[in-house]
Structures are given as C-alpha cells and as structure tokens.
Ligand code: EPU
C-alpha cells in the first residue's frame, strides 16, 4: 500500500529552488503501485474528481504556494533496449530516470541519437510533455511511443507520436490530457545509421573552431555540454527552469514590422514560411539582462533564463517574485515590439 506523506518540503524537488510544501505526496515507483493507489480510492466519482499533480524532476515548474492537489512524485526507474527494427534500436526508460543520465547511457551502449539533448534538466517522463528540444533536435525526432495511466479511470494506455500531438514545446499532455495522465515509460527509436546534427549555429562554430568537421556522437555530446555549461546557469547554483518563455512564432508581415522597429532582431525562417524570433534577443533588447525583482533575476549571460538568486544565501526567490518579474518582462516586450511572450513552464 502506498504511503501518503504530509507537508513535504518541495524546495529540492523543483529546479527553481522555490520553497513550498506538498500537503500530500505519494512516491510512485511502479505502474501496479499507482493502479493499486487509484483503486484504493473508494468510488469512481471521487477517483475522478480528486485533483492530482504529477511531479517529475520539477524542472519546468514555478510554485506560487503550497500544493493542494495530491502530488504523485514519479520515481519509476529502469533503462533497457526492448526491440530492434530494420532501421532503429528501440530503448525504453522509466519515467523517473534523470534525462541526462539516460542520454549518457544510450551513448555508452552505442546507440547514439540523443546527444544534442544532453544536459537538459528533468526526467524522462517529463521529456515528451514539453517535447524538449535543443541544438537542432527535438524529442519527437527520436520518439517511438509511451505508456501512461489515466488518473481518472485507472486504465493503462500506449500512445504513438501522432497521438502525442507534438508541437514546439507542446503535446497533448499540455492540453486534453493535462493533469489527467501519469506517464510511466517512454520508448525512443534511435537510428542504426547515425547522422550527426551540427547545423545549429553554436555547434557549427565549435566544429570550425576545433577544425573537426565530422565529430563522433560523444564529441557532439561533449560540445553540447560545453555550450550549455558556458551559457546556461547550473540549477544547483542559480535555480532556474531553462528557457522561461517560448520563442514567438510570427507571420512574415509581423517579422517585417519587428525588423522595422529594430533591424538587429534575431530570427529564423521556418519551413511553413513563418518566422521564429529569439525571445532572448527581444528581452535583452529591452534591457532586462541582470535585472530582477527581489531575489528573482534575469540571468546575466542569457536573457531567456530567469534565475533564483537567493538559493545560496538561504533567502530564495518566491514564486510571486518570479511571476512579477515575468509579467514585467512580458509588458516591456509587448510595449516595445508588440509581441506577447508565452510562459513556458507550468505555473502552479
Ligand atoms: N540572444 C540574445 N541575448 C541573450 C541570449 C541570446 O540576444 O541573452 C540571441 C542570440 O542572437 C542567439 C539567439 O538569441 O543567437 C538564440 O539564443 P540560443 O541559441 O541560446 O537559443 P534560444 O532560442 O534562446 C532555444 C531553446 C533552448 C535550447 C536552445 C538551443 C526555447 C524556448 N529555448 O533557446 O531550450 O537549449 O534553443 O537549441 O526554444 C529550454 O527550453 O529550456 C531550453 C533551454
């Protein structure tokens, strides 16, 4: 039987390092354990209505107060190769596995393909929720399928990529299945014939600088770690959730309007003809780098990352400070460029 813990401090369970408590928390170590827990709730009606919050690595989460829904902390472990097709190795990981360790494990077992996604904080179970992506690769490019448990009905289900409805930092788990599903296992299809992906500007630059035009998978892995370590704050020191806003996607007309306001704007053309603007550049242009509200600040090296400056001093930023800062940034970017920045992490 699952033990329900009460008043559990969450500061070490969210990478922002915000202080808050879970009024009730259960650690989920296996699918059968979760099913037993759901069945122990007496009738179907209350089972469906009891609000629950699924907590993975807490790397995409802003806590603005104590968490009242029952927190299901996912600690389902295990990594293995489960199948092989003509073109792919199929590997599976438990949702509670730390993402970066899983990436390193696939490389150690000669199954490359995830190296561009090295060092992304969080767990395997959270990775499809926001379709994590970095340096030219998105999770959906390597995804096979996943298993989840419907928290209302207790049914186990499997979804393929199409059913996950992946988009830019988006999936069905942010919409129709929000707070309704607990992902237990995720499977990845890793190509037997590996092709390096080093076209992202930072990787291309490093490749030229090192005069290494055909890096091995482990070199790409090391380069990605190096670039991230140089640019992005370590959540253990300066709490953060990675990029705090999504890069806005605009029409060609809107892009022209922004270029008219400032010709230096950073943008990329997408395959569908629209343009993706660098939110970091927009925030930087509004002068936010290094500024803040209370102990919440904008990282001095990367304007898209909000940080908790008080983690080491023992006076951590509150969720309220983080959200006040986020709203002030949204207002100034809107006033200057007419663009509404969308917050990326879940705000609870
Ligand atoms: N830039 C600035 N000022 C800054 C930082 C960046 O002007 O302070 C400009 C530069 O021109 C740079 C451009 O913004 O070329 C883009 O910056 P970067 O290459 O660092 O990428 P990003 O668009 O800010 C996205 C993802 C990151 C991912 C990187 C690398 C989103 C919301 N963020 O960041 O993902 O690691 O690309 O692929 O799509 C995350 O989602 O948490 C995350 C870290």
Check your understanding: Cα convex hull of segment 68-210: how many Å³ per residue?
Key -> 125
Check your understanding: Assuming a viscosity of 0.692 mPa s and a temperature of 37 °C, what translational diffusion coefficient in µm² per second does Stokes-Einstein assign to segment 83-134, Rh being the Kirkwood radius over Cα pairs?
Key -> 286
Review point. What percent of all Cα-Cα pairs in segment 265-322 falls in each 10 Å bin, counting up from 0?
Key: 24, 39, 22, 13, 3
Practice item. Take every DSSP beta bridge whose two residues both sit in the chain, then give the antiparallel share in percent to the nearest 5. Key: 80
Review point. What does the highest-first list of 19-26, 197-204 look like by mean Cβ count within 10 Å?
Key: 19-26, 197-204
Exercise for review: Report, largest value first, the span of the C-alpha coordinates of segment 240-347 along each principal axis, in whole Å.
Suggested key: 47, 23, 21
Review point. If you average over every viewing direction, what projected area does the convex hull of the Cα atoms of segment 5-74 give, in nm²?
Key: 4.7
Revision key, fill the gap. The relative contact order of the chain, taking Cα pairs under 8 Å that sit 6 or more residues apart, comes to a percentage of 17
Exercise for review: Find, to one decimal place in angstroms, the Kirkwood hydrodynamic radius of segment 125-272, where the mean of 1/r is taken over every pair of different Cα atoms and then inverted.
Suggested key: 18.3
Review point. Working out 0.36 nm times the residue gap between residue 81 and residue 204, then minus their Cα-Cα distance, what length gain in nm do you get to one decimal?
Key: 41.1 nm
Check your understanding: Under a plain spin-label model, where a point goes 7 Å from the Cα along Cα-to-Cβ, how far apart in nm are residue 153 and residue 315?
Key -> 5.2
Review point. Over all distinct alpha-carbon pairs, what is the Kirkwood Rh of the chain in angstrom?
Key: 21.4
**Study point:** Packing-based order for 74-83, 260-269, using average beta carbon neighbours within 10 Å, highest first
**Key:** 74-83, 260-269
Exercise for review: Express the relative contact order of segment 195-318 as a whole percentage, based on alpha carbon pairs under 8 Å and six or more residues apart in sequence.
Suggested key: 22
Check your understanding: Between segment 182-207 and segment 240-301, what is the C-alpha centre distance in whole Å?
Key -> 25
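Each value in this text was obtained by applying a stated rule to the coordinates, not by laboratory testing. Predicted model only: the values in this text are computed from it and were never measured. Reconstructed Cβ throughout: ideal geometry from the backbone, glycine too, with neighbour counts over all protein chains shown.
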